[in-house]
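Reviewing the structure listed below.
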Amino acid sequence: MRRAAAWLFWTLALLAAAGRAEAKGIIADVDDHLVEITTDFSGQDILVFGAIDGPGDVVLVMRGPLGTVQVHHKARFAGIWVNAETLTFANVPALYGVASSRNLFEILPPEMLDRYELGVGRVRFQPADGPVPGDGPFKGALVQQKKKHGLYADRVGRVTFIGDTLFRANLHLPSNVPTGTYLIDVYLVRNGHIVDAQNMPLIISKVGFGADLYKYAHANSILSRLMYGVVAVIVSLLTGWFAHLAFRKR
C-alpha cells in the first residue's frame with residue numbers, strides 16, 4: 001500500500017513536470033535507483049512509472065552490465081563428452097528484460113524492433129574476434145543459458161496504464177543478478193515510430209559481509225586474496241563444527 005501511494009505521488013509529480021517541460025513526450029523514473037544485495041537477497045521487482053503527454057504505447061528495456069561470455073559446443077570423443085569448439089562473445093548483457101503496453105509486433109515494425117534490439121531474439125551478439133560463419137547455434141545456446149539462470153526473461157512483461165497518460169511496470173531482478181550498472185530505456189511509440197525516449201541508471205551492489213568477501217575474492221593484490229582464502233576456510237570449518245555439534249545432540 002505504501003509503495004502504491006509513493007508511486008502515485010511521484011507519478012503525479014512527474015506529470016506536472018512533464019507539463020512544464022518543452023516538447024517532452026515522456027517522463028519516467030524508478031522507485032529505487034540503488035539495489036543493495038545482502039546475503040539473504042532473494043530477488044526483487046523494480047517499479048518503473050511515469051507519464052506521457054497523450055495517447056501512445058510505452059516499451060521498457062532493462063539491460064546490462066556488458067561482459068564477455070564463452071559458449072562451448074560439446075562433442076563425444078572416445079566415449080566422453082568434451083568441449084569441441086568454443087566461441088567468445090563480447091558486450092553481452094548480463095541481464096535483459098523487456099515490457100510493453102501491447103504486443104511488440106503490434107507497436108513497431110520488424111526493422112525498428114531490430115534496430116533497438118527489442119526482444120530477446122533481437123539482441124545482437126557479436127563474436128569477440130569478428131564475424132564467424134555459422135555462429136547461429138552458439139548464439140542460441142547463449143540465450144538458452146541466460147534463460148536457464150533467469151537472467152533473460154522468457155516473456156515480455158506488461159506495461160499498464162491508468163487513464164491515457166500514467167503508466168507503470170515491474171521489471172524483475174533474480175536472486176543471482178550480477179552487480180554493476182544497468183540501464184533502463186523507456187520508449188514512447190506512436191504510429192509505428194519511436195517519438196521520444198528516456199534512459200535511467202540502476203546500480204546493483206553488494207553490501208555487508210558478503211560484499212567484503214566478494215571484494216577480497218576479486219582483489220588484485222595477493223594479500224587480499226590470501227585473506228579471502230583464510231576467511232573462507234575458517235567459515236567452512238566453523239560450519240562443519242556446528243553441524244557436528246547439532247548431530248551429536250540428536
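The values are calculated or read from the model by the stated rules, or taken from the named source; none is laboratory data. Since the structure is predicted, the reported quantities are computational estimates derived from the model, not experimental observations. All Cβ positions, glycine included, derive from the backbone under ideal geometry; neighbour counts span all protein chains shown. Ligands, DNA and RNA are stripped out before the accessible areas are found, and what is left, the full protein with its side chains, is counted by its heavy atoms. Shrake-Rupley method; radii C 1.70, N 1.55, O 1.52, S 1.80 Å.
Details
- Of all residues in region 139-151, those that are exposed (fewer than 14 other Cβ atoms within 10 Å of the Cβ) and more than 18 Å from the chain's Cα centre (by Cα) total 1.
- Number of the condition not met by ASP154 [criteria: (1) under 21 Å from the mean Cα position of the chain (by Cα); (2) surrounded by 13 or more Cβ atoms within 10 Å (Cβ to Cβ); (3) farther than 14 Å from ALA94 by Cα]: (2)
- Filtered by the rule that a residue be within 19 Å of ILE204 (Cβ to Cβ) and either touching a His at 6+ places or on another chain (Cβ under 8 Å) or loosely packed, with under 14 Cβ neighbours inside 10 Å (or both), region 45-61 gives ASP45, ILE46.
- Looking across THR11, THR86, one residue alone is modelled with pLDDT under 90, open to solvent by less than 30 Å² (accessible area, probe 1.4 Å) and not aliphatic (A, V, I, L, M). It is THR11.
- Cross-chain or 6+ apart pairs with Cβ under 6 Å, region 122-138 first and over 15 Å from ARG63 (Cβ atoms) and loosely packed, with under 14 Cβ neighbours inside 10 Å, then modelled with pLDDT of 85 or more and among the hydroxyl-bearing types (Ser, Thr, Tyr): none
- Among the numbered conditions (1) within 23 Å of the chain's Cα centre (by Cα); (2) modelled with pLDDT under 90; (3) part of a strand (DSSP E or B), the only one that ASP40 does not meet is (3).
- VAL235 meets each of the listed conditions (1) among the β-branched types (Val, Ile, Thr); (2) modelled with pLDDT of 60 or more; (3) out of contact with any strand residue (DSSP E or B) (no Cβ under 7 Å at 6 or more places or on another chain); (4) within 19 Å of ILE37 (Cβ to Cβ) apart from (2).
- Unique match (being in contact with a helix residue (DSSP H, G or I) (Cβ under 7 Å, 6 or more places away or on another chain) and either modelled with pLDDT of 85 or more or farther than 19 Å from VAL98 by Cβ (or both)) among ALA217, ALA211: ALA217
Here is a yes/no grid of residues against (1) of a type in the set (Val, Ile, Thr); (2) over 13 Å from the mean Cα position of the chain (by Cα); (3) on the phi < 0 side of the Ramachandran plot; (4) open to solvent by 30 Å² or more (accessible area, probe 1.4 Å):
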residue: LEU171; (1), (2), (3), (4): no, no, yes, no
residue: ILE184; (1), (2), (3), (4): yes, no, yes, no
residue: TYR187; (1), (2), (3), (4): no, yes, yes, no
residue: ARG190; (1), (2), (3), (4): no, yes, yes, yes
